[in-house]
Amino acid sequence: MAVHTGGNEAKKASSDVAKGLEPQLLLAKGARVMLTANLWTKGGLVNGLIGTVHDILFKNQGLPSLPAAVFVKFDAYEGPTITSTEGDHVVPIVPIKRSWEGKSGTICSRQQVPLCLAWAITVHKSQGLTLSKAKIDIGSKEFAAGLTFVVASRIRSLSDIYFRQFTFDRLQRIKNSSRLQERKAEEKRLTSRIAR
């Protein structure tokens, strides 16, 4: 449970408004999570880092309360870690506090562990990530030109991508879309200018 100041306005604020902090976060050992804040950019503890909850430490107040720390085994982190009794290399993620001005002018704040569940993520959230494996559902239509390429390019090897079944018509619509035709025409125009 997050700790709020600013009344209901703070409690009801989305994680976007609260700068990456969820209003409620239901975690358990083994849950897939994503870091939602840049905690140590130079060391690699950055927004978008994905891992698995190894353990959760609570102070004396027990459940449901804000954890003192959530120990996460991150998939692609090579910085300093703590070695668990099982031999896993984990990072303690502690609650942070974010403040903002609410619509009514009230100063609001939320204290929360900067994590969100990450069993699945959107294409937009995957931008900038490099994933070891992925199961991809590209849906029935292209939300914006190039999104299918964006998601497919997040994975290191084609053998580590599994696409949920889609029809050939889905690819034809991408090929015939006006946005792709405009892009191809612009690329052709630019290439001809460079060749001069």
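Yes or no: Val94 under 28 Å from Thr5 (Cβ atoms), in contact with a Cys (Cβ under 9 Å, 6 or more places away or on another chain) and of a type outside the set (D, E, K, R)?
no
Among the residues in segment 115-124, are any among the hydroxyl-bearing types (Ser, Thr, Tyr), surrounded by 14 or more Cβ atoms within 10 Å (Cβ to Cβ) and not in a strand (DSSP E or B)? For segment 115-124, residues among the hydroxyl-bearing types (Ser, Thr, Tyr), surrounded by 14 or more Cβ atoms within 10 Å (Cβ to Cβ) and not in a strand (DSSP E or B): absent. If a residue has to be over 24 Å from Gly87 (Cα atoms) and crowded, with 17+ Cβ neighbours inside 10 Å to count, how many in segment 20-38 make the cut? Total satisfying the criteria: 7.
Among the aromatic types (Phe, Trp, Tyr) and either at pLDDT 95 or above or touching a helix residue (DSSP H, G or I) at 6+ places or on another chain (Cβ under 9 Å) (or both): is that true of Phe58 in this structure? Reasoning before the result, please.
Numbers: among the aromatic types (Phe, Trp, Tyr): yes; either at pLDDT 95 or above or touching a helix residue (DSSP H, G or I) at 6+ places or on another chain (Cβ under 9 Å) (or both): no.
It is false that Phe58 is among the aromatic types (Phe, Trp, Tyr) and either at pLDDT 95 or above or touching a helix residue (DSSP H, G or I) at 6+ places or on another chain (Cβ under 9 Å) (or both).
Here Ala2, Ala31 are screened, and the one residue that is at pLDDT 95 or above and over 13 Å from Ile93 (Cα atoms) is Ala31. Considering only residues in segment 95-114 that are of a type in the set (Ser, Thr, Tyr) and out of contact with any strand residue (DSSP E or B) (no Cβ under 7 Å at 6 or more places or on another chain), the one that is surrounded by the fewest Cβ atoms within 10 Å (Cβ to Cβ) turns out to be Ser104. If the condition is being within 19 Å of Leu117 (Cβ to Cβ) and either in a strand (DSSP E or B) or at pLDDT 90 or above (or both), then segment 61-71 contributes Leu66, Pro67, Ala69, Val70, Phe71. Evaluate the following for Gly48: is it outside any helix (DSSP H, G or I), at pLDDT below 90 and within 15 Å of the chain's Cα centre (by Cα)? Here the answer is yes, as Gly48 does meet what is asked. Among the residues in segment 8-30, are any within 15 Å of the chain's Cα centre (by Cα) and not in a loop (DSSP other than H, G, I, E, B)? For segment 8-30, residues within 15 Å of the chain's Cα centre (by Cα) and not in a loop (DSSP other than H, G, I, E, B): absent. Report, by residue number, each residue of segment 68-111 that is touching an Asp or Glu at 6+ places or on another chain (Cβ under 7 Å) and among the aromatic types (Phe, Trp, Tyr). Hit for segment 68-111 is Phe71, nothing else.
Scan segment 108-126 and tell me whether some residue there is within 14 Å of Ile174 (Cβ to Cβ), out of contact with any Pro (no Cβ under 9 Å at 6 or more places or on another chain) and among the basic types (Lys, Arg). No, the conditions are met nowhere in segment 108-126.
Can you name every residue in segment 75-134 that is of a type in the set (Asp, Glu) and closer than 15 Å to Lys11 by Cα?
Listed by number, the list holds a single entry, Glu101.
The values are calculated or read from the model by the stated rules, or taken from the named source; none is laboratory data. These figures come from a predicted structure and were not determined experimentally. Positions of Cβ are generated from backbone atoms using ideal geometry, with glycine treated the same way; all protein chains shown enter the neighbour counts.
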